[in-house]
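Written out below as structure tokens is the structure these notes cover.
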Amino acid sequence: MPNAGRRSPRPTDWQELRLRDCIQPGVRVLFVGINPGVRSAVTGHHFAGFSNRFWKLLWESKLVPERITYEQDSRLPEWGFGITNLVPRPSPGIDDLSPREYVDGWHVLERKIRRFRPAIVALVGVTLYRALLPFIEPGAARPAALTVGMQKATVHGARVFVLPNPSGRNANFSHAEMLAAFRRLRRYMTRN
């Protein structure tokens, strides 16, 4: 048994952990996740889940010039990227988050956007975009279908771009569809 004697983290071991944002002045794109998963909280790095494809998609789409993993998340600002989460509290899934956490998270995110002035806020997940739409476009009618890609909305001058959630649990998008969305983000960045 290779893992004999190794215990899984107990809820009290990870519930109080928080990830550090990787943002610096001058970022062009700010990636925003919903909240860290348990593995991300335990490792201290963004998108660290075993089946998460975020880092692979960054490389395959040529958004970053070299292959990196979650362990190098602090390098993102080298290429003009920042990364944060709407809700800082880790959880096994988003169903554990309260509506109040979304509201509080929005106010904090809005301050980060105002402070760092990214050209693009890349929301990682259609579910995240759906949750934030009432804040981004108050009073606007909800579109019949939410799509990935560049949106008409802006937040403090930053364009909103929606990416599929790269979690291995996301069965709504194939790897090819996810990669196409990440490539669209790269093309948009190179044109602007």
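The values are calculated or read from the model by the stated rules, or taken from the named source; none is laboratory data. Treat the numbers as computed from the prediction; the structure is a model and nothing was measured. Note: ideal-geometry Cβ built from the backbone for every residue, glycine included; neighbour counts use all protein chains shown. Ligands, DNA and RNA are excluded from the accessible area calculation, which covers all protein heavy atoms including side chains. Shrake-Rupley method; radii C 1.70, N 1.55, O 1.52, S 1.80 Å.
If the cut-off is a Cα-Cα distance under 17 Å, which aspartates and glutamates reach Lys56, setting aside same-chain residues fewer than 8 apart in sequence?
Within the straight-line limit of under 17 Å, Lys56 reaches these aspartates and glutamates: Glu66, Glu71, Asp73, Glu177.
Round to a whole number: what % of the accessible area of the stretch 113-192 belongs to carbon and sulfur, probe 1.4 Å?
50
With the Cα gyration tensor of the stretch 63-192 in hand, convert its eigenvalues to equivalent ellipsoid semi-axes via √(5λ) and list them largest first in whole Å.
Sorted largest first and rounded, they come to 22, 18, 17 Å.
Compare Lys152, Lys112, Lys62, Lys56 by solvent-accessible area with a 1.4 Å probe and give them largest first, with all protein chains kept in place.
Sorted descending by solvent-accessible area, the residues read Lys152, Lys62, Lys56, Lys112.
If one computes P(r) from the Cα atoms of the stretch 60-103, what percent of pairs lie at distances over 17 Å?
The share of Cα pairs beyond 17 Å in the stretch 60-103 comes to 50 percent.
With every protein chain left in place, what is the accessible area of Glu78 in Å² (1.4 Å probe, nearest 10)?
For Glu78, solvent-accessible area is about 110 Å².
Just want to confirm a number: the relative contact order over the chain, from Cα pairs under 8 angstrom separated by 6+ residues, in percent.
26
Provide the per residue accessible area, probe 1.4 Å, for the stretch 57-192, rounded to a whole number of square angstrom.
Solvent-accessible surface per residue comes out at 51 Å².
Got a sec? Charge dipole of the stretch 38-114, +1 on Cβ for Lys and Arg, -1 for Asp and Glu; which of Leu76, Gly49, Val87 is way out at the positive end?
So the residue furthest toward the plus end is Leu76.
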